[in-house]
Amino acid sequence: MASKSPEEHRQQGPSRVSCAVITVSDTRTLADDRSGQTALEILQSVGHPVVHRQIVLDEPTQIQQALQTLLCREDVQAVILTGGTGLSSRDITVETVSPLLTKPLPGFGELFRMLSYQEIGPAAMLSRATAGLAGRTAVFVLPGSPQAVRLALEKLIAPELGHLIGQAHRKA
């Protein structure tokens, strides 16, 4: 039996993935949250419905509670978090989310920084963007800039999200 090509695997994944968007910020509101809005618009433009959107403070308990609530929802297959991936003392999203990831996807962060380097140069190394599965839910932690959100969604997440979810739900 011949093995399947990456394209055949992609075609077996769902064409619509139900998503949630969380913005981690001490200063943003839904009215001025450009990163969360960018994520919402890109996901919807490629057919992935956004069933939940919220803003939480840069506080570990708030981030963890928001994410765990979404991980329990059957209508959420992927969660996009924006903000808190930098190096300041308030940037704690990566440390807060990482323990919840049952299968880290190190390639996501590596590819994101490579693509980011092409756009912004060596400052790309300051990003700690990460991703993984929490059970069967895909979780992506992105920088808080709208440009970074656009880059991650358009070049990495949107093209592979159905494939990723298909693989996460595969039996063997």
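Only the coordinates and a few stated rules stand behind these numbers; no lab work does. All figures in this text were calculated on a predicted structure; none of them were measured in a lab. Virtual Cβ from ideal backbone geometry, glycine too; neighbours counted across all protein chains shown.
Want the number for Gln65 to Arg170: 0.36 nm per residue separation, take away the alpha-carbon distance, what's left?
On the way: separation 105, 0.36 × 105 = 37.80 nm, distance 2.76 nm.
Extra length available between Gln65 and Arg170 comes to 35.0 nm.
Among the trypsin sites (Lys or Arg not before Pro) in the range 15-67, those placed in a DSSP loop whose Cβ has at most 16 other Cβ atoms within 10 Å are Arg16.
From Cα pairs below 8 angstrom and at least 6 apart in sequence, can you work out the relative contact order of the range 16-146, rounded to a whole percent? All intermediate terms of the calculation are to be shown ahead of the outcome.
On the way: 250 pairs, mean separation 37.8, N = 131.
Averaging sequence separation for qualifying contacts and normalising by length gives 29 percent for the range 16-146.
Simple spin-label estimate for Ser88 and Thr102 gives 3.5 nm between the two label positions (7 Å along the Cα-to-Cβ direction from each Cα). For the peptides 90-101, 71-82, residues were scored by their other Cβ atoms within 10 Å and the scores averaged per peptide; the highest-first order is 71-82, 90-101.
Run the helix sum for the chain: -39,500 (n - 2.57) per DSSP H stretch of 4+ residues, divided by residue count, reported at 222 nm to the nearest 500 deg cm²/dmol.
-11500 deg cm²/dmol
Take every DSSP beta bridge whose two residues both sit in the range 16-146; close to 30 percent of them are antiparallel.
Computed across the chain, the Kirkwood hydrodynamic radius from all distinct Cα-Cα pairs reaches 16.1 Å.
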